[in-house]
Amino acid sequence: MSMEPNPFSLCGRTILVTGGSSGIGRAVAIGAARMGARIAVLGRTPDRVQETLSLLEGTGHVGHVSDLTKIDGIEGDVQAILDRSGPFGGLVYSAGASDVTLLRDIDMEKAERQMRLNWLSFMALSQAICRRGRYAPGLSVVALASISALTGQVGLSAYAGTKGALIASVRSLASEYAPRGIRFNCISPCPVDTPMQRETRSRLGEEWYRKEVLEKARLGPLAPEDVADPVLFLLSDASRRITGTNMIVDGGWSLS
Ligand SMILES: NC(=O)c1ccc[n+]([C@@H]2O[C@H](COP(=O)([O-])OP(=O)(O)OC[C@H]3O[C@@H](n4cnc5c(N)ncnc54)[C@H](OP(=O)(O)O)[C@@H]3O)[C@@H](O)[C@H]2O)c1
């Protein structure tokens, strides 16, 4: 029998999951804990952070409640989590907001908040974690972008812009941090069955859901776990030579 270590294992790693209180982030937290990681669940709503913690296998997991749009607080958030969990071996940035609005109706203050949460807070969090002594060797950063950054859909100009910024920054960061062995990648999903999508579905109706989700996702509509599993791969050593990519996870949604 081979005694080679399993490259897909996350044993011994501390992984910070923002958006860990819901949807894709929660599925990542559950999956990463099952693969042996110690999870720091970051969310905005205390009850939902606690609920995720109650679903995790293993021990040593911690919860942290914070509003990531408060950029000035991010340094303190990272230090507080570090004190309890030790240096980070993974960061999953799944916190995000989406708003389907035509250009003529965009509230610019709301769009600015969306840009802050979906892009600027990711930059601030990455800055705080990529400091000496705060990360473990082989740190892998995975950011949730979106297929909307690549395809062009009505009503998503502001949201798509935030995700395009994320994809562009991740490529640059991958190049900047490769000499330290830190990897940065994005995952771009099509619509996934989470509270975020359910909100869009209730606003745009069942016809939208049939046409934009059921008909286009050729391999079937996506559940949070369908996105979480590729995130786990990008966190693990199995992807040790992959950096700067944007992996599309869309069940064939963007095929013509
Ligand atoms: N679902 C989709 O169809 C889809 C498709 C493509 C890309 N994505 C992207 O995937 C990521 C996860 O989406 P999801 O569908 O899982 O969304 P979700 O279920 O709505 O979860 C969003 C998460 O972000 C957290 N959050 C929101 N505002 C925050 C703030 N100001 N500070 C800290 N945390 C905040 C929420 O915390 P609370 O629960 O505590 O409020 C929640 O954990 C997002 O970046 C989204 O843009 C989603």
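For residues that are among the charged types (D, E, K, R) and under 14 Å from ASP67 (Cα atoms), scanning just the range 98-126, find the one that is least open to solvent (accessible area, probe 1.4 Å).
Kept after step one, since they are among the charged types (D, E, K, R), are these residues of the range 98-126: 99, 104-105, 107, 109-110, 112-113, 116.
Still in the list and also under 14 Å from ASP67 (Cα atoms): 113, 116.
Details: ARG113: 115, ARG116: 75 Å².
Here the answer is ARG116.
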Matching residues in the range 125-168 - criterion: being within 16 Å of the ligand (Cβ to nearest atom) and under 16 Å from LEU91 (Cβ atoms): LEU125, SER126, ALA128, ILE129, VAL141, VAL142, ALA143, LEU144, ALA145, LEU166
The range 36-53, residues that are open to solvent by less than 60 Å² (accessible area, probe 1.4 Å) and closer than 25 Å to PRO87 by Cβ: GLY36, ALA37, ILE39, ALA40, VAL41, LEU42, GLY43, VAL49, THR52, LEU53
Condition broken by ASP72, with the remaining ones in (1) within 10 Å of the ligand (Cβ to nearest atom); (2) out of contact with any helix residue (DSSP H, G or I) (no Cβ under 8 Å at 6 or more places or on another chain) satisfied: (1)
Pairs with Cβ under 6 Å, 6+ apart, first in the range 123-147 and closer than 27 Å to MET196 by Cβ and at pLDDT 95 or above, second open to solvent by 10 Å² or more (accessible area, probe 1.4 Å) and of a type in the set (Phe, Trp, Tyr): ILE129/TYR135
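Would you mention how many residues in the range 1-22 are touching a Gly at 6+ places or on another chain (Cβ under 9 Å) and not polar (S, T, N, Q)? Let's see the steps before the verdict.
Taking the range 1-22 first, the residues touching a Gly at 6+ places or on another chain (Cβ under 9 Å) are 9-22.
Keeping just the survivors that are not polar (S, T, N, Q) gives 10-13, 15-17, 19-20.
The qualifying residues number 9.
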Residue in the range 152-164 that is open to solvent by 30 Å² or more (accessible area, probe 1.4 Å), of a type in the set (Lys, Arg) and in contact (Cβ under 8 Å) with a residue 40 or more places away in the chain present: no
Members of the range 45-63 found to be within 10 Å of the ligand (Cβ to nearest atom) and in contact (Cβ under 8 Å) with a residue 24 or more places away in the chain, listed by number: THR45, ARG48, VAL49, GLU51, THR52
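For the range 92-208, list the helices (runs of 4 or more DSSP H) that sit wholly inside it and hold at least 3 residues that are under 16 Å from the mean Cα position of the chain (by Cα) and among the β-branched types (Val, Ile, Thr); which are they? Step through it out loud before you land on a result.
Working: elements: 108-115, 121-129, 148-151, 157-177, 195-204.
By residue number, 157-177.
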Selection status of MET115, among the hydrophobic types (A, V, I, L, M, F, W, C) and more than 16 Å from the ligand (Cβ to nearest atom): no
In the range 169-192, the residues that are in contact with a Lys or Arg (Cβ under 9 Å, 6 or more places away or on another chain) and within 16 Å of the ligand (Cβ to nearest atom): PHE184, CYS186, SER188, CYS190, PRO191
In the range 15-32, the residues that are within 6 Å of the ligand (Cβ to nearest atom), more than 10 Å from the chain's Cα centre (by Cα) and crowded, with 24+ Cβ neighbours inside 10 Å: SER21
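Every residue in the range 193-214 that is more than 12 Å from the ligand (Cβ to nearest atom) and charged (D, E, K, R), please. Please lay out each step first, then the result.
Filtering the range 193-214 down to residues more than 12 Å from the ligand (Cβ to nearest atom) leaves 202-208, 210-211, 214.
Hits for the range 193-214 are ARG203, GLU206, GLU207, ARG210, LYS211.
VAL78: farther than 19 Å from PHE233 by Cα and more than 11 Å from the ligand (Cβ to nearest atom), yes or no? Can you show your working first?
On the way: farther than 19 Å from PHE233 by Cα: yes; more than 11 Å from the ligand (Cβ to nearest atom): yes.
Judged against the criteria, VAL78 is a match.
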The range 54-75, subset open to solvent by less than 40 Å² (accessible area, probe 1.4 Å) and either among the hydrophobic types (A, V, I, L, M, F, W, C) or modelled with pLDDT under 95 (or both), residue nearest to GLY86 (Cα to Cα): VAL62
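Would the range 84-95 turn up any residue that is without any contact (Cβ under 8 Å) to a residue 40 or more places away in the chain and open to solvent by 10 Å² or more (accessible area, probe 1.4 Å)?
Quick first cut of the range 84-95, residues without any contact (Cβ under 8 Å) to a residue 40 or more places away in the chain only: none.
No, the range 84-95 has no match at all.
The values are calculated or read from the model by the stated rules, or taken from the named source; none is laboratory data. From a predicted model like this one, the values you see are computed outputs, not experimental measurements. Glycine gets a Cβ as well: all are built from the backbone with ideal geometry, and neighbour counts include every protein chain shown. All accessible areas refer to the heavy atoms of the entire protein, side chains included, with ligands and DNA or RNA removed. Shrake-Rupley method; radii C 1.70, N 1.55, O 1.52, S 1.80 Å.
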